[in-house]
Amino acid sequence: MGETRKLSGRYRLLNPLGAGSVRLAFDEVRHRDVAVRELRVPPELRDSALFEARRATGLRHPSVVRVLDVLIENGAPWLVMEFVSGVSLEQAVRSRGPLPVAQAARAGVCVLAALSEAHAAGIVHGRVDPGNVLLTATGRAMLAGFGFPSLSTLPSADLWSLAATLHFAVEGRPPGQVPAAGADPFRSLIRAMLHPSGPPAVEVVRETLDRLAVDRPLDAVIEASGPLPPARVAAIGLAVLDRLVAGGGFHGGVQPGNVLVDASGRACLLPLPRSGTLPAYTAPEGAATRTADLWSLGATLFTAVEGAPPAPGAPLTRAGALAPVLLRLLSGDPSQRPAADEVRRELLAIVAGEPHNI
């Protein structure tokens with residue numbers, strides 16, 4: 001194929017992009033760089049492939065590598081796509097190693113937004129993988145590969161593939177039969193999305209990725225800064241308690257890894273993709289009740305103020321005014337634990353610096 005060849009008398013073919021079959025081209029009408037690729041499908045599938053490719057030209061989103069044109073050249077169909085300067089997620093991980101969780105979550109936010117836009121338009125991508133996720137110089141991720149025949153008709157298949165892609169991003173390998181272990185919310189979310197019963201609700205996936213992209217889990221904050229002051233821990237407890245009350249039912253995953261803290265110190269309890277609490281934060285009665293969540297809240301706040309989870313006989317040396325609240329929350333008898341509204345009043349008093357009365 002000569003360097004001076006043009007497609008449709010308009011797109012001048014230049015050099016290959018990477019090791020694939022995509023080529024750089026110059027659009028002499030719009031005076032811009034584009035990427036082009038021959039759409040190779042069996043003859044009997046060509047009409048349906050062209051229909052889907054032309055439908056993809058209507059898909060516009062900041063995280064979508066757009067299909068700009070679909071043309072026939074010497075009987076062969078070609079896609080003309082937006083040119084994006086960047087490297088694929090696959091190239092980035094293979095050359096520099098796995099990404100930090102926050103960076104992988106930011107990529108996930110972008111790709112999920114692109115998929116949500118496509119699914120709303122009735123388009124299933126079907127080819128979400130690390131090679132089709134492009135990382136730009138500004139840190140934004142964009143999803144390429146639209147316009148090709150989909151390998152699936154189910155939006156849930158795209159979410160499974162997104163999870164496998166994010167697994168590759170932080171582990172450097174596909175999930176295979178054994179996804180990465182780890183109690184951190186990012187890997188917990190990936191395992192939930194890969195579960196044979198289907199992914200969690202898109203809203204849960206979106207909120208978790210949004211939070212992980214900018215906030216830090218409470219356990220990471222404690223590891224970096226050490227035990228936190230009682231008033232700050234009380235404020236975190238209020239935020240978690242409000243989320244529990246708003247949820248209305250049993251959460252089942254109140255623990256430091258599921259509490260995210262933003263740059264200003266505000267906390268948020270993540271929705272739980274699937275139930276599961278670490279043993280140190282599971283109420284002794286093992287029941288799926290709101291009272292059990294309160295015990296887990298007490299264990300989480302104990303860890304935040306003391307630097308380690310509660311254990312039999314563990315002293316409260318740093319808790320100050322928070323100590324009586326924690327002791328009641330951590331009662332082995334569920335009937336002796338305070339109600340949520342009572343806990344809220346006591347935590348508010350600690351945040352305000354008022355004297356605490358049992």
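Read-outs throughout are calculated quantities, based only on the coordinates presented, and are distinct from any laboratory measurement. Because the structure is predicted, anything quoted here is derived from the model rather than measured. Here the Cβ is made from the backbone with ideal geometry for all residues, glycine too, and neighbour counts use every protein chain on show.
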From the Cα gyration tensor of the chain, with a ≥ b ≥ c the square roots of its eigenvalues, which class applies: rounded if a/c is under 1.5, or else prolate if a/b is larger than b/c, or else oblate? prolate
To the nearest 20 debye, region 241-331 has a Cα-centred charge dipole, built from +1 on Lys and Arg Cβ and -1 on Asp and Glu Cβ, of 40 debye
Given 10 Å bins starting at zero, what is the percent of C-alpha pairs of region 6-82 in each, up to the one with the largest pair distance? 19, 51, 29, 1
Between GLU28 and ASN15, what length comes free when the chain is fully extended (0.36 nm per residue of separation minus the Cα-Cα distance, one decimal in nm)? 3.1 nm
Go through VAL254, ALA311, ALA339 and say which Cα lies farthest out towards the positive end of the charge dipole of region 217-352; charges sit on Cβ, +1 for Lys and Arg, -1 for Asp and Glu. ALA339
State the extension gain, in nm to one decimal, for the chain segment bounded by ALA224 and ASP47, taking 0.36 nm per residue of separation less the distance between their alpha-carbons. 57.9 nm
Between region 307-326 and region 170-249, how many Å separate their Cα centres? 24 Å
Exactly which trypsin sites (Lys or Arg not before Pro) in region 18-93 are in a DSSP loop and have at most 15 other Cβ atoms within 10 Å? ARG30, ARG40, ARG60
Three-way shape call for region 217-352 based on the alpha-carbon gyration tensor, with the a/c threshold at 1.5: rounded
Looks like region 86-214, by Cα gyration tensor root eigenvalues a ≥ b ≥ c and the a/c under 1.5 rounded cutoff (else prolate when a/b is bigger than b/c, oblate otherwise), is rounded
Debye, to nearest 20: dipole size of the chain, +1 on Lys, Arg Cβ, -1 on Asp, Glu Cβ: 780 debye
What is the spin-label model distance, in nm, from LEU154 to ARG266 if the labels are put 7 Å beyond Cα along the C-beta direction? 3.8 nm
Listed by chain and number, the residues whose amide H is under 5 Å from that of VAL64, excluding neighbours fewer than 5 places away on the same chain and using placed H, are LEU143
Which part of region 71-104 falls in the paramagnetic zone of GLU38, meaning amide N under 11 Å from the point 7 Å along Cα-to-beta-carbon? 73-78
May I ask you to compute the full-extension gain from HIS195 to ARG94, defined as 0.36 nm times their residue separation minus their alpha-carbon distance, rounded to one decimal in nm? 33.8 nm
